[in-house]
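The structure appears right after this line, and notes come after that.
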Amino acid sequence: MLRRAGDLLTALLAFSLGSVLAWHYPLGQVAALALFLGASILAFYRLSWFLVILPALLPVIGLAPWTGWITFEEVDLLVLAMASGGYARALIAEGQAVSRRRSWLLAGFSFLMAVSILISMARGFSDAGGFDFGWFQGYDGPMNSIRIGKSFFLALLLVPLLRRLQRDTAQEAGRKLAWGMALGLGSASLAALWERLAFTDLLNFSSDYRSTALFWEMHVGGAALDGWLLLTVPFAIWGLRNARSALQHALAILLIVVAAYAALTTFSRGVYLALIVALPLLAWQTRRHASAAVVQPEQLAWGPLRWSIALLALGAMAFLVFPGGGYRGLMALLGCIAVALSMPMALRHITIAQLVAGTLVGVMLGALLVLMAGFIPKGAYLLYALICLSMLAVLHGFRAGLQGNQRIYCTAGFIALMLAAANVADHWGGSEALWGMIAALSVVVAVAARGIFATRPVWSGDLRWQATFMSSALAVCAVVAVFVGGGYMSERFSTSEQDLDGRFDHWTLSTSMLQTPLDVAFGKGLGRYPANYFFAIPDNKFPGTYQISRDEEGAFLSLVAPRHPISFGDAFRVSQRLAFNAQGPFEASVRLRAQAETSLQIEVCEKHLLYVAACAIGRANIKVGEEGWQSARIPLKGPLLNGGTWYAPRIKMFSLSVAKQSGAANIDEVILTGPDGESLLENGDFTNGMKRWFFSSDRDHMPWHAKNILVNVLFDQGCFGLSLFLMLTAGALWRLNMSEVRQYEFAPYFSASLIGFLIVGMFDSLIDAPRLALMFYILVFAAFMPNAFCCQGGKRPPLTQ
């Protein structure tokens with residue numbers, strides 16, 4: 001009876017909170033309410049679906065740049081809908097036994113952590129001057145304490161529902177969560193791919209454009225995308241290992257390739273380090289966990305040593321080819337490797353005479369075709385593509401093996417392909433590229449010959465294994481391209497020692513802000529880092545700020561510039577997203593005032609979050625000696641913003657910034673018009689605060705983050721909270737790696753996920769991004785629960801030392 005009363009109260013509370021949030025949603029109250037109600041009904045009937053839906057949608061449903069909401073988010077509505085429907089279902093369910101097993105360790109840790117967060121939330125309110133509710137407060141307001149603290153309680157709200165989902169037969173609950181995490185990786189990676197396609201060239205690794213995907217939390221820097229990638233990558237590996245069909249296998253490989261691209265284009269040394277640690281650890285932990293029902297025995301022949309040798313060899317070959325041959329040379333090399341993988345199966349019984357004959361025919365025929373291709377525009381590429389596709393079709397059409405003269409023809413085709421690949425390199429990069437390609441192709445030929453004449457198979461002939469190998473080869477080539485062809489990544493690694501020293505100085509400054517015994521014990525308060533940092537740093541490092549102020553005439557925006565020299569990328573901006581079809585020319589009108597001479601820069605840019613593609617810009621100068629508000633009309637000069645391609649449209653953003661160092665201005669009645677004279681902005685008079693407005697600091701990131709997850713917890717919650725965070729995290733990792741739980745299928749993937757996340761957290765705060773904190777705490781809580789997702793899937797053979 002008591003449990004049913006608790007379910008009723010929780011369902012009503014979750015539904016009430018969700019309804020209030022939906023009713024105040026800035027982009028449409030009716031639509032938000034309808035979607036919230038629909039999600040609640042879906043959770044009532046199909047709660048387990050949310051194990052897929054929540055992590056899959058989490059990276060792409062943050063719309064703060066459109067709404068102006070920072071404290072509350074769309075994911076809050078999704079979790080509250082899940083809770084309201086789930087608890088309502090539990091209330092009326094009859095005859096469904098709930099596991100009585102409890103994790104008293106989880107109960108104790110979560111209770112104490114909740115107490116710590118509530119104490120720090122109260123201290124945060126006090127530090128902000130008292131609690132003052134507002135829908136659109138920034139990081140310096142008391143609502144930021146709620147923004148930081150809510151993720152823990154939302155995750156805690158789901159714990160009883162996660163326990164009830166253990167009633168799913170066999171491993172379905174665990175599988176759904178794993179697939180949801182993998183899909184979440186896919187949605188984030190596709191967003192990063194769109195971003196690169198829209199705002200920079202797909203293969204441009206020299207510019208300083210770092211992917212942010214749809215993690216708006218990176219508007220003041222941070223590593224939200226980095227942390228999400230490390231949380232989810234292990235589950236993509238699980239998806240690959242557990243694909244049940246060729247289509248699933250192909251999709252899993254495609255997911256990993258796109259995710260690898262997203263990880264590379266973060267240009268984050270923390271991401272690279274975390275992957276280097278987490279993925280080998282995952283491979284070691286799962287070496288006895290492979291299910292024979294899913295993975296064929298021959299796929300298991302390669303251990304870590306063979307894979308390491310193969311990947312190093314691939315890297316060496318790519319290093320030989322890329323400097324001169326570029327991406328065309330790499331693609332030609334990859335095609336040759338793909339063909340070479342299938343040669344042993346086709347030529348397993350070839351004789352020396354057939355091999356010699358085929359080689360001679362291939363040399364003569366290939367040389368003739370190369371000469372003929374020289375008379376055709378782009379003939380080198382056409383010839384290579386024709387031979388490569390023909391060879392792949394023949395090899396996969398005769399997988400049972402070739403007979404007689406067929407082996408001679410196949411050998412001839414392989415040699416001709418090598419010559420065509422060398423011709424591609426020579427055509428593109430001249431002799432430098434040619435010699436590099438010849439060296440790499442020599443390795444390919446030698447390895448293929450080893451595979452053909454070996455008494456036992458050297459590698460698997462299974463198409464799924466070969467597809468996995470080729471995806472690994474593609475990833476290795478991408479890594480080489482980033483480091484060899486991208487000056488930006490090389491520059492970042494060259495300054496690693498200097499940057500690390502800077503981080504240590506930053507962490508020292510961060511901890512020095514805890515000045516009283518209460519600060520040390522319980523922290524300054526949740527979300528109070530930016531506000532306190534502004535007063536602790538030297539004056540010339542102030543990054544700028546904003547505030548919605550009011551006088552007898554109404555609301556207006558107070559905007560303050562950084563106190564260091566301002567380049568285009570260093571400005572502190574307040575922005576609003578525009579419609580995709582806004583092209584220009586644009587004209588802005590604005591009322592403004594200032595106590596000292598300054599200027600206001602007004603921009604409309606093709607811009608996603610931090611980096612611009614093209615802009616139309618104007619300036620309004622504020623004169624000294626004129627009291628009160630001044631009005632200005634400013635035509636914005638620049639190209640028409642066509643919005644990019646149909647498959648990768650560019651977002652448009654209107655921005656305001658004070659262009660003079662240490663300048664300040666009050667701004668009101670902002671109007672932007674296009675050629676038709678209609679206003680393109682909403683809430684231009686700031687009557688509704690920051691509704692539809694959004695701020696960003698494009699390059700000045702240190703003032704907003706502690707840049708270390710432990711330092712962040714220490715600052716927010718003090719030693720009390722830090723000790724609880726460490727015990728909670730260490731307890732989850734101990735359970736996943738040292739207890740009997742490690743024998744279950746999902747435990748290694750949970751462990752690798754948390755470890756990778758924490759390694760990235762060595763260099764960034766991470767849990768100051770609520771979406772990341774929510775999923776992190778869900779995984780931690782699930783690791784503690786008896787018979788939870790990490791413990792499903794049945795026991796595997798015990799790990800051997």
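What follows is calculated from the coordinates using simple rules that are stated; it is not laboratory data. Everything quoted here is computed from the prediction, not taken from an experiment. We place every Cβ from the backbone using ideal geometry, glycine too, and count neighbours over all the protein chains shown.
Tabulated data
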| read-out | value |
| --- | --- |
| Ascending count of other beta-carbon atoms within 10 Å, so fewest first, for Tyr327, Tyr529 | Tyr327, Tyr529 |
| Long-range amide H partners of Gly638 with built H, under 5 Å | Ile617 |
| Derived scalar couplings ³J(HN,Hα) [region 412-427; Karplus, 6.51 cos²θ - 1.76 cosθ + 1.60; whole Hz; x for Gly, Pro] | 4, x, 5, 5, 4, 5, 4, 5, 5, 5, 4, 5, 4, 5, 5, 5 |
| Relative counts (whole %) of C-alpha pair distances in region 352-396, using bins that are 5 Å wide | 5, 21, 20, 24, 18, 9, 3, 1 |
| Per-residue ³J(HN,Hα) for region 254-262, Karplus 6.51 cos²θ - 1.76 cosθ + 1.60, θ = phi - 60°, Hz, x for Gly and Pro | 4, 4, 5, 5, 5, 5, 4, 5, 4 |
| Region 544-699: C-alpha pair distances exceeding 23 Å, % | 33 |
| Residue (of Ala393, Ala318, Gln403) at the positive-pole extreme of the chain, dipole from beta-carbon charges | Gln403 |
| Lys/Arg +1, Asp/Glu -1 at C-beta; the chain dipole; positive extreme among Ser697, Ser19, Ala659 | Ser19 |
| Only Lys, Arg (+1) and Asp, Glu (-1) charged, at Cβ; region 544-699 dipole about Cα centre in debye | 560 |
| Order of Lys378, Lys524 - criterion: other Cβ atoms within 10 Å of each residue's Cβ, fewest first | Lys378, Lys524 |
| Pairs beyond 30 Å (Cα-Cα), from Lys524/Lys623; Lys660/Lys691; Lys378/Lys637; Lys623/Lys707; Lys607/Lys660 | Lys524/Lys623; Lys378/Lys637; Lys623/Lys707 |
| Tyr45/Ser442 FRET efficiency (R0 51 Å; Cβ-Cβ; nearest 0.05) | 0.25 |
| FRET efficiency estimate (nearest 0.05) - Cβ-Cβ, Met364 to Ser245, R0 45 angstrom | 0.55 |
| Net length gained if the chain between Phe131 and Ser308 were fully extended (0.36 nm per residue, minus Cα distance) | 58.1 nm |
| Dipole-positive endmost among Ile438, Gln354, Leu382 within region 310-459 (Cβ charges, Cα centre) | Gln354 |
| Estimated FRET transfer efficiency (Gln498, Val356; beta-carbon r; R0 45 Å; 0.05) | 0.15 |
| Virtual spin-label span in nm between Asp685 and Met738, 7 Å along Cα→Cβ | 6.4 |
| ³J(HN,Hα), Karplus 6.51/-1.76/1.60, whole Hz, each residue of region 375-381, x for Gly, Pro | 8, 10, x, 6, x, 4, 6 |
| The chain - Rg over Rh from alpha carbon coordinates, Kirkwood radius | 1.01 |
| Cα-centre dipole for region 116-258 with unit charges at Cβ (Lys and Arg positive, Asp and Glu negative), debye to 20 | 760 |
| Other-chain or far-sequence residues with amide H under 5 Å of Phe763's (modelled H) | Ile709 |
| Residue order, fewest to most beta carbons within 10 Å, for Arg735, Arg163 | Arg163, Arg735 |
| 5 angstrom amide H check on Lys660, placed H, neighbours 5+ away | Ser599 |
| Dipole magnitude (debye, nearest 20) for the chain, charges at Cβ of Lys, Arg, Asp, Glu | 3040 |
| Reach of Lys176 by Cα under 20 Å, taken over aspartates and glutamates that are not fewer than 8 positions away in the same chain | Asp168, Glu745 |
| Computed helical MRE - 222 nm, the chain, DSSP H runs ≥ 4 contributing -39500 (n - 2.57), nearest 500 | -19500 deg cm²/dmol |
| Virtual paramagnetic centre 7 Å along Cα→Cβ of Leu118, amide N under 12 Å, in region 766-783 | none |
